[in-house]
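Following: one structure in structure tokens, then a few remarks.
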Amino acid sequence: MRHLMSPLDFSVEELDKLLSLAADIEKNPAKYAHKCDGKILATCFYEPSTRTRLSFESAMLRLGGQVLGFSEAGSSSAAKGESVSDTIRVISCYADICAIRHPKEGAPLVGSTKSLIPIINAGDGGHQHPTQTLTDLLTIKQKKGRLDNITIGLCGDLKFGRTVHSLIQALVRYSNVKFVLISPEELKLPSYIKEEVLDANKVSYKEVERMEDVMDSLDILYMTRIQKERFFNEEEYLRMKGFYILDEAKMKLAKEDMIVMHPLPRVNEISVNVDNDPRACYFDQAQYGVYVRMALILTLLEVEV
Ligand code: CP
């Protein structure tokens with residue numbers, strides 16, 4: 001039995017296989033419509049979510065399975081003091097696979113230690129969001145045709161943005177990927193990721209504050225929201241909110257084939273006027289999230305495809 005806690009839990013070869021499966025599911029959905037008949041997915045979300053929870057549920061329903069779960073800690077027995085590991089142990093009796101999101105870093109890992117079924121980390125605090133990374137990799141592969149030889153700008157809250165942390169870990173395994181880290185001083189990428197992931201893999205990166213200075217060099221611009229819920233005070237959040245706003249004027253500085261990604265939700269960091277630009281890929285990205293989660297469920301449940 002396998003869990004998914006980090007994007008590194010899959011080898012590059014396994015990831016390639018999973019992304020190919022997701023691409024095939026997109027092309028031939030009917031082929032997979034009954035692959036999970038009789039199976040149940042539990043979604044245990046201790047933190048708010050639209051895309052991750054509902055795309056997981058959509059994925060299982062599209063595979064012929066069923067879903068159960070809770071969408072806030074207050075409606076589960078966590079409100080009475082039950083531990084994550086006890087909850088997950090019990091959920092193992094009710095479902096075949098479980099996706100868990102929790103505000104505490106490492107909570108899904110703790111839950112997985114007592115689990116009898118595969119556990120998927122659907123986001124743990126400011127740490128990791130591996131299924132968003134699978135979604136991001138599929139989006140890059142489908143839109144750019146490759147995962148190597150790219151220059152990617154990661155922009156916004158690089159300190160608390162778990163999607164960025166997971167994506168960097170995954171992309172350093174491909175050749176000639178260059179990172180441009182665009183953030184204010186206060187929201188720079190944590191040193192442990194620079195040292196243990198970028199430096200350790202001898203990966204080229206630069207840090208800048210102004211997105212205008214680097215737009216023309218990027219193949220991909222990955223925008224992120226300032227993570228309000230991880231700030232200790234409102235004043236600091238309000239100072240940072242609005243630091244980066246991608247608009248039509250800035251898009252004019254970019255390559256014609258650059259793509260704009262965003263894990264969503266967005267607040268104000270991408271103007272709605274950019275949505276109609278053919279380079280804006282964030283809603284396609286949300287759609288790819290369903291296919292990749294279908295592929296992940298099939299893989300972890302070891303369903304014959
Ligand atoms: N991208 C993402 O994790 O979105 P949700 O918080 O809506 O799940």
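Read the figures in this text as sums done on the coordinates, not as results from a lab. Please read these numbers as outputs of a predicted model, since none were measured by experiment. As a convention, Cβ positions derive from the backbone with ideal geometry for all residues, glycine included, and neighbour counts pool all protein chains shown.
Below is a table of values for the structure above.
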{"item": "Fully extended contour minus Cα-Cα distance, from Ser204 to Tyr94, at 0.36 nm per residue", "result": "35.0 nm"}
{"item": "Most positive-pole-ward Cα, Phe179, Gly153, Leu134, against dipole of the stretch 130-285 from beta carbon charges", "result": "Leu134"}
{"item": "Ranked by how many other beta carbons lie within 10 Å on average, peptides 94-103, 294-303, 209-218 from highest", "result": "94-103, 294-303, 209-218"}
{"item": "Fraction of antiparallel bridges per DSSP, the chain only, in percent to nearest 5", "result": "5"}
{"item": "GNM result for the chain, Cα springs below 10 Å: residue of Glu186, Glu235, Glu248 fluctuating most strongly", "result": "Glu235"}
{"item": "Centre separation in Å (Cα based) which lies between the stretch 57-91 and the stretch 241-258", "result": "39"}
{"item": "Set of aspartates and glutamates near Lys80 by C-alpha distance (under 20 Å), chain-local residues within fewer than 8 positions excluded", "result": "Glu47, Glu72"}
{"item": "Global form of the chain, assessed from the alpha-carbon gyration tensor, a/c cut-off 1.5", "result": "prolate"}
{"item": "5 angstrom amide H check on Ile40, placed H, neighbours 5+ away", "result": "Gln66, Asp96, Ile97"}
{"item": "Cut-off under 5 Å, modelled amide H: who pairs with Leu4 long-range", "result": "Ile119, Ile120, Asn121"}
{"item": "³J(HN,Hα), Karplus 6.51/-1.76/1.60, whole Hz, each residue of the stretch 27-37, x for Gly, Pro", "result": "6, 10, x, 4, 4, 10, 5, 10, 5, 10, 3"}
{"item": "Rounded, prolate or oblate (a/c below 1.5 giving rounded, otherwise prolate when a/b exceeds b/c) for the stretch 45-133 by Cα gyration tensor", "result": "rounded"}
{"item": "Cut-off 9 Å between beta-carbons: net charge of the residues surrounding Val303, Lys and Arg +1, Asp and Glu -1", "result": "0"}
{"item": "CD proxy at 222 nm, helix term only [per DSSP H run n ≥ 4: -39500 (n - 2.57); per residue of the chain; nearest 500]", "result": "-9500 deg cm²/dmol"}
{"item": "For the stretch 100-115, 3J(HN,Hα) per residue [Karplus equation, 6.51 cos²θ - 1.76 cosθ + 1.60, θ = phi - 60°, Hz, x = Gly/Pro]", "result": "10, 10, 8, x, 8, 4, x, 4, x, 5, 4, x, 5, 5, 9, 7"}
{"item": "Contour minus Cα-Cα distance for Glu234 and Asp277 (0.36 nm per residue)", "result": "12.2 nm"}
